[in-house]
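For reference, the structure is listed below as C-alpha cells.
The values are calculated or read from the model by the stated rules, or taken from the named source; none is laboratory data. Computed from a prediction, not measured in an experiment: that's the story for all the values here. Heads up, the Cβs are rebuilt from the backbone with ideal geometry, glycines too, and the neighbour counts pull from every protein chain shown.
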Amino acid sequence: MTRAWILPILFLVCGSLVATAWAVRGFPGAAVLLLLLMFVLLAGLNSPLAFPRSISAMEAQRRSAVDGRPIVYWRAGCKYCLRLRIRLGRSANRLHWVDIWRDPAGATAVRAANDGDETVPTVMVAGQPHVNPDPEWVRAQLSPTT
C-alpha cells in the first residue's frame, strides 16, 4: 500500500467505527447516511481517484514540450491540490498531472523549483514554476486550441 492511500483508508475505517457505534445505539439509518455521505466522500476526495491519471515527470515534460500544456505536480491528501482539481473542473483533464509520491523525478522537479521543499501544487508553465497558483490563472494558461 502506498502512502497516497493511507488517508482515504483511515477515513473509511473511522467512518465504519462511528457508523457501527451509531447503529448499535439504535440509529442505523443515520449511521449509513453518515458513513456514505461523510466518510466515503472524504475518502474519495482525498484519494488519487479524484485526480486525472498521473504520468511520469519525464513523460509530462515530453508531452508539454509538444503541446504546450502546463504540468501540475501534486500529491494525494493535499487540500490545495484538491482545491485546484475541483476548481478546474473538466479543464483538469487538459493538463499533465504528475503525482510526486509515485514519481521520484517529479518530486525532484518540485524540490528544485521550491528551494528543496515539496510544495504542491506546483504548476510548470513554459518551464517556469508557479506554486499554488489561482485555478483561474491555470485555466487561462490553457490555449483554446488544446
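Counting the residues of the range 13-72 that are among the β-branched types (Val, Ile, Thr) and outside the structural domain of Gly127 (by TED's automatic domain parsing) gives 6.
Can you find a residue in the range 59-75 that is without any contact (Cβ under 8 Å) to a residue 24 or more places away in the chain and within 23 Å of Ser16 (Cα to Cα)? Among the residues of the range 59-75, not one is without any contact (Cβ under 8 Å) to a residue 24 or more places away in the chain and within 23 Å of Ser16 (Cα to Cα), which makes the answer no.
Selection of the range 130-146 for residues being buried (at least 16 other Cβ atoms within 10 Å of the Cβ), in contact with a strand residue (DSSP E or B) (Cβ under 8 Å, 6 or more places away or on another chain) and either of a type outside the set (S, T, N, Q) or at pLDDT 95 or above (or both) yields His130, Pro133, Val138.
Any residue at all in the range 69-87 that's at pLDDT 95 or above, aliphatic (A, V, I, L, M) and over 12 Å from the mean Cα position of the chain (by Cα)? Scanning the range 69-87 turns up at least one residue that is at pLDDT 95 or above, aliphatic (A, V, I, L, M) and over 12 Å from the mean Cα position of the chain (by Cα).
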